[in-house]
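This report refers to the structure that appears directly beneath it.
The values are calculated or read from the model by the stated rules, or taken from the named source; none is laboratory data. Quantities reported herein were computed from a predicted structural model and do not represent experimental measurements. Backbone-built Cβ (ideal geometry, glycine too); neighbour counts: all protein chains shown. In case anyone asks, the SASA skips ligands and DNA or RNA and just uses the protein heavy atoms, side chains included. Shrake-Rupley method; radii C 1.70, N 1.55, O 1.52, S 1.80 Å.
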Amino acid sequence: MVDLRVTYGDFVAVEHATFSIAAGECVAIIGPNGNGKSSIALALAGLVARSGTVEIDGVEAPPRNPAWTVGHGLSLVPERRQLFPTLSVLDNILLGCYGWTKNLRKARKSEIFAEALDLFPELGGRLSQTAGTLSGGQQQMVALARGLAAGPKILVTDEPCLGLAEAVARRVYEAIKKLHDEGKTILLIEENPVRALQISGRALRVERGVVDEAPAEERFESFVEQLESKGQAAR
């Protein structure tokens with residue numbers, strides 16, 4: 001259950017966001033840039049100050065405590081990847097489980113990479129390569145693998161296809177859909193509503209810091225109608 005407000009000083013980024021995500025759902029947050037989508041993601045991950053309530057499995061998360069949030073099952077794949085460019089692919093992925101004990105990381109290491117390579121075979125020959133030398137699409141794959149390394153109950157992906165060519169974006173979305181089909185709970189933040197609504201069961205629209213909700217099918221039909229209306233007006 002989420003009921004939050006996010007401000008940066010006197011600026012209100014998110015006025016009112018109330019929603020819930022059931023286990024196994026894929027829920028999209030859509031809306032124009034600058035309306036609070038990423039602020040919601042950062043607040044959920046405990047990376048920015050917020051007021052209100054964020055609960056994970058009925059337990060209220062303390063504000064601005066990312067270690068607690070990851071430890072209780074929410075992992076964020078941030079906008080623009082945020083990799084460490086001078087570290088190897090392998091080391092970047094392992095950072096996803098930085099909060100674990102050394103012995104647990106060691107025990108789970110082979111499993112983590114097996115999961116990553118099952119999802120992204122393209123990374124198989126690049127584990128020792130520095131992340132900064134990868135293409136944008138490959139970096140996004142590493143960022144997703146890092147988010148999954150924490151073993152999350154909820155995976156939050158913020159603009160996973162930002163700046164990627166369409167063919168690469170489709171590849172990333174195939175991976176996200178596969179995770180959802182396997183039962184992973186996903187909160188998908190995306191400016192492109194067509195992409196997001198094709199794999200999401202529900203959609204939350206953020207506009208001027210306020211969230212409202214509708215079934216994804218209804219959102220998709222509304223979006224198509226808007227495009228058709230604009231096309232007719234252009235003629």
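Structure notes:
- Full extension of the chain between GLU182 and ASN103 gives 25.7 nm of extra length, using 0.36 nm per residue less the Cα-Cα distance.
- For the stretch 91-219, the solvent-accessible area with a 1.4 angstrom probe is 46 square angstrom per residue.
- Overall shape: prolate for the stretch 81-151, with the ratio a/c of the largest to smallest alpha carbon gyration tensor axis at 1.5 or above and a/b above b/c.
- Built amide H within the under 5 Å cut-off of LEU204, gap 5+: ALA28, ILE29, ILE30
- Near GLU79, once Lys and Arg are set to +1 and Asp and Glu to -1 for all other residues with Cβ below 13 Å from its Cβ, the sum equals -1.
- Positive contributions from Lys and Arg (+1) and negative ones from Asp and Glu (-1), summed over other residues with Cβ under 14 Å from the Cβ of GLY132, come out at +2.
- Sequence-distant residues sharing a close amide H with VAL77 (under 5 Å, placed H): VAL156, THR157, ASP158
- The residues MET1, MET141, sorted by heavy-atom accessible surface at 1.4 Å with ligands and nucleic acids left out, run MET1, MET141 from largest to smallest.
- Near the amide H of LEU47, within less than 5 Å, lie no amide hydrogens of residues on another chain or at least 5 residues away, with H placed in the peptide plane.
- Residue-wise HN-Hα coupling along the stretch 122-129, computed from phi with Karplus coefficients 6.51, -1.76, 1.60 (Hz; x: Gly, Pro): 4, 8, x, x, 10, 4, 8, 6
- Overall, the anisotropy analysis places the chain in the oblate class: the square-rooted eigenvalues a ≥ b ≥ c of its C-alpha gyration tensor yield a/c not less than 1.5, with a/b not exceeding b/c.
- Counted as membrane-span-like here are DSSP H helices of the chain whose alpha-carbon atoms extend 18 Å or more along the helix's own axis and whose Kyte-Doolittle mean is -0.5 or above; these are 136-149.
- Here the extension length gained between ARG80 and ASN192 equals 38.8 nm, from 0.36 nm per residue of separation less the Cα-Cα distance.
- Within the same chain, lysines fewer than 8 places from LYS106 are excluded, and of the rest, those with a Cα less than 30 Å from its Cα are LYS153, LYS177, LYS178, LYS184.
- Between GLU207 and LEU87, the FRET efficiency from the beta-carbon distance, with R0 = 35 Å, is close to 0.40.
- Gap separating the Cα centres of the stretch 152-178 and the stretch 42-94, nearest whole Å: 17
- Gain in span if fully extended, HIS16 to ALA165, counting 0.36 nm per residue against the direct Cα distance: 50.3 nm
- With the simple model of a label 7 Å out from the Cα in the direction of the Cβ, ALA67 to THR130 spans 3.0 nm.
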